[in-house]
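Any read-out appearing in this document is the output of simple, stated calculations on the displayed coordinates, not a laboratory observation. Just so it is clear, the structure is predicted and the values come from calculations on it, not from any experiment. Because the Cβ atoms are built from the backbone with ideal geometry, glycine has one as well, and the counts that use them run over all protein chains shown.
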Amino acid sequence: MIVIKNIREQFGHTQAELAKQTGLSLRTIQRLESSNKEPKGHSLVVLSEVFNMMPSDLQEQFISVQQTKAAEKTSIQFINLSVLSFLGIPFGNIILPLVLWRQQRKSKHIDETGRRIINFQIIFSAVLSILLCLTPFIGRTFFSDTSIILYVLFVAYAINIGIVCYTALKLRRNNFNVLNIPLRFI
């Protein structure tokens, strides 16, 4: 939610009209809206006056938005880390993230990022299942005396753990553009 823009639109002002009424430059209004940062000092006072609110009420709206963003980020991080449940629960990499995502999906941000994480895990599980089914046949052809099914499983688990860690690092840096795969199941 972009605080200044939403309030401005509720009052029916354009950016130019708001700039004229507050005495702030059009560029300042554009910057405040694009960055969604809390105005300080003179800007806060004149915007509050035009919006018929106390400066503290305007500041509260910014604090509320920041808290919502932090809560959304935490929820997305939990969804990503819940993928690791596959280490102890078969298909836990789909089941637990799906449950967490369904509980939190009211937020557009959580909904989209959670979908991408779960879709990737569905694809990963399908590919791993196919590989595990083909492994005995490939093993007999190329490795006559060795069963390679556990090697395939351990390598796949290591890859998935690596992907979860890489995604966690991106999310920690506020980069939510993760696991963009064109194939979608949910």
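Grab the Cα-Cα distance for Ile138 and Gln66, subtract it from 0.36 nm times how many residues apart they are, and report the gain in nm with one decimal. Contour length minus Cα-Cα distance gives 20.6 nm. Rounded to the nearest 20 debye, the dipole size of segment 71-172 about its Cα centre is 440 debye, using +1 on the Cβ of Lys and Arg and -1 on the Cβ of Asp and Glu.
Dipole orientation for the chain: of the candidates Leu128, Gln10, Val45, Leu128 has the Cα lying most toward the positive pole (charges on Cβ; Lys, Arg +1; Asp, Glu -1). As a calculated quantity, the FRET efficiency between Tyr157 and Val99 at R0 = 22 Å, using C-beta atoms, amounts to about 0.55.
Rounded to whole numbers, the Karplus 3J(HN,Hα) couplings from phi for segment 77-86 are 5, 5, 4, 5, 5, 5, 4, 5, 5, 5 Hz, using 6.51 cos²θ - 1.76 cosθ + 1.60 with θ = phi - 60°, and x at Gly and Pro. Relative contact order, whole percent, for the chain stands at 17, derived from Cα pairs under 8 Å and 6 or more residues apart.
For the chain, a Gaussian network of Cα nodes joined below 10 Å ranks Phe91, Phe124, Phe154 by mean-square fluctuation, and the top entry is Phe154.
Here the extension length gained between Ile89 and Ala126 equals 11.7 nm, from 0.36 nm per residue of separation less the Cα-Cα distance. Across segment 7-88, Cα pairs under 8 Å and at least six residues apart give a relative contact order of 20 percent. Rounded to the nearest whole Hz, the Karplus-based 3J(HN,Hα) values (6.51 cos²θ - 1.76 cosθ + 1.60, θ = phi - 60°) of segment 109-118 follow the sequence 5, 5, 4, 5, 5, x, 4, 5, 5, 5, with x at glycine and proline. For the chain, the tally of Lys pairs with Cα-Cα distances below 19 Å comes to 15, considering only residues 8 or more apart or on different chains. Rounded to whole numbers, the Karplus 3J(HN,Hα) couplings from phi for segment 25-33 are 6, 4, 4, 5, 4, 4, 5, 4, 6 Hz, using 6.51 cos²θ - 1.76 cosθ + 1.60 with θ = phi - 60°, and x at Gly and Pro. Using C-alpha pairs below 8 Å separated by at least 6 residues, the relative contact order for segment 3-53 is 39 percent.
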